[in-house]
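Notes follow once the structure below has been shown.
The values are calculated or read from the model by the stated rules, or taken from the named source; none is laboratory data. Given the structure is predicted, the values throughout are model-derived calculations rather than measurements. Quick reminder, even Gly has a Cβ in these numbers, built from the backbone with ideal geometry, and neighbours come from all protein chains shown.
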Amino acid sequence: MPATTAPVPDFTPPTDFMPHPTADGSRTLYSETIGEHYHSFFGAVAESEHVYIDKGFRSCVKPHLDILEVGLGTGLNALLTLAEAQQKGSIVNYMALEPFPLELDIVRALQHPEAIGRPDLIEPLEAMMSAHMEQVLSLTPGFTFQKSAKRIQEMDAVKAFDLVYFDAFAPKVQPEMWTVEVFNVLHRAMKPGALLVTYCAKGDVRRAMRDAGLVPELVQGPPGKYKMLKARRT
Ligand SMILES: C[S@@+](CC[C@H](N)C(=O)[O-])C[C@H]1O[C@@H](n2cnc3c(N)ncnc32)[C@H](O)[C@@H]1O
């Protein structure tokens, strides 16, 4: 696989992302300007739980996982992973990319820890969201967290991750995230046998994954979505 560098786009999110209720009672952020949301209106927690925890984290049998999240956003996937890792007794090193970090106040307004029934995780979530870029946090004896302001197109990791949560804005909003160049970057960053999960199931995305050397598979989607994608690096 050629180590191509993906072009760095000039996307900047709009400033009108506001809290919005979703069908399972949890909240997400919605922008009227671009008609885009951080999570599904059919349930923010339900979607994250299904796509990233159930089809991702729970599919990995290794007791020690190096996880990459593309798009930390509101921190919901990181929070659910922390809760699940505690329950399973897994060791997790969590790296999240976020070139456009959110203010803590807007994250607080979403009340994610309360929505997942874990108000005791307010403090660790706030620690993750307010951490400095590149600072390594040991949130529990088994869970370390680090975030980076790098765009995925700039990441140069090699065989570093067992599991990738690919949670970019939709292809209609950020088409440059769903290209073969980006999946080349991810293929290079994944360890042999590693898994990538994403809510998107589009044919073009599947083809781009395949062209990058990944092996995509359509599996049952979260509420409101027929399918989603799991892709392996062989
Ligand atoms: C759908 S949201 C992620 C939701 C998030 N995973 C959560 O649990 O709240 C997409 C995220 O991708 C981030 N993003 C945009 N461009 C990016 C890039 N080039 N590389 C990495 N992340 C990017 C956005 O700032 C946004 O936070």
Could you tell me whether any residue of region 42-58 is at pLDDT 95 or above and part of a strand (DSSP E or B)? no
Only residues that are among the aliphatic types (A, V, I, L, M) and near the ligand (Cβ under 10 Å from one of its atoms): list them for region 150-184, please. ILE152, MET155, ALA168, ALA170, VAL173, MET177, VAL182
In region 41-64, which residues are under 15 Å from GLY75 (Cα atoms) and not β-branched (Val, Ile, Thr)? ALA44, ALA46, GLU47, SER48, GLU49, TYR52
Check VAL205 against each of (1) of a type outside the set (Gly, Ala, Ser); (2) touching a residue at least 60 places away in the same chain (Cβ under 8 Å); (3) more than 14 Å from the ligand (Cβ to nearest atom); (4) part of a helix (DSSP H, G or I) and name the one condition it does not meet. (2)
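Quick grid of which residues meet (1) surrounded by fewer than 19 Cβ atoms within 10 Å (Cβ to Cβ); (2) farther than 29 Å from LEU102 by Cα:
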site: LYS147; (1), (2): no, no
site: THR179; (1), (2): no, no
site: VAL197; (1), (2): no, no
site: ALA212; (1), (2): no, yes
site: THR234; (1), (2): yes, yes
If a residue counts only when it is under 30 Å from GLY25 (Cα atoms), small (Gly, Ala, Ser) and in contact (Cβ under 8 Å) with a residue 24 or more places away in the chain, which helices (runs of 4 or more DSSP H) contained entirely in region 60-165 have at least 3 such residues? 76-88
Of all the residues that make up region 149-158, how many are hydrophobic (A, V, I, L, M, F, W, C) and surrounded by fewer than 17 Cβ atoms within 10 Å (Cβ to Cβ)? 3
Kindly list the number of the only condition in (1) near the ligand (Cβ under 8 Å from one of its atoms); (2) buried (at least 21 other Cβ atoms within 10 Å of the Cβ); (3) within 13 Å of the chain's Cα centre (by Cα) that fails for GLU98. (2)
Consider THR74 carefully, then state whether it is within 30 Å of ASP16 (Cα to Cα), in contact with a helix residue (DSSP H, G or I) (Cβ under 7 Å, 6 or more places away or on another chain), within 6 Å of the ligand (Cβ to nearest atom) and β-branched (Val, Ile, Thr). yes
If you go through PRO7, PRO14, the only one that is more than 9 Å from the ligand (Cβ to nearest atom), closer than 24 Å to ASN184 by Cα and in a loop (DSSP other than H, G, I, E, B) is PRO7
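From ALA189, ALA168, ALA149, ALA157, grab the single residue that is touching a helix residue (DSSP H, G or I) at 6+ places or on another chain (Cβ under 6 Å) and farther than 29 Å from PRO21 by Cβ.
That would be ALA157, the only listed residue that is touching a helix residue (DSSP H, G or I) at 6+ places or on another chain (Cβ under 6 Å) and farther than 29 Å from PRO21 by Cβ.
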If you scan region 30-71, which residues turn out to be among the acidic types (Asp, Glu) and more than 13 Å from the ligand (Cβ to nearest atom)? GLU32, ASP54, ASP66
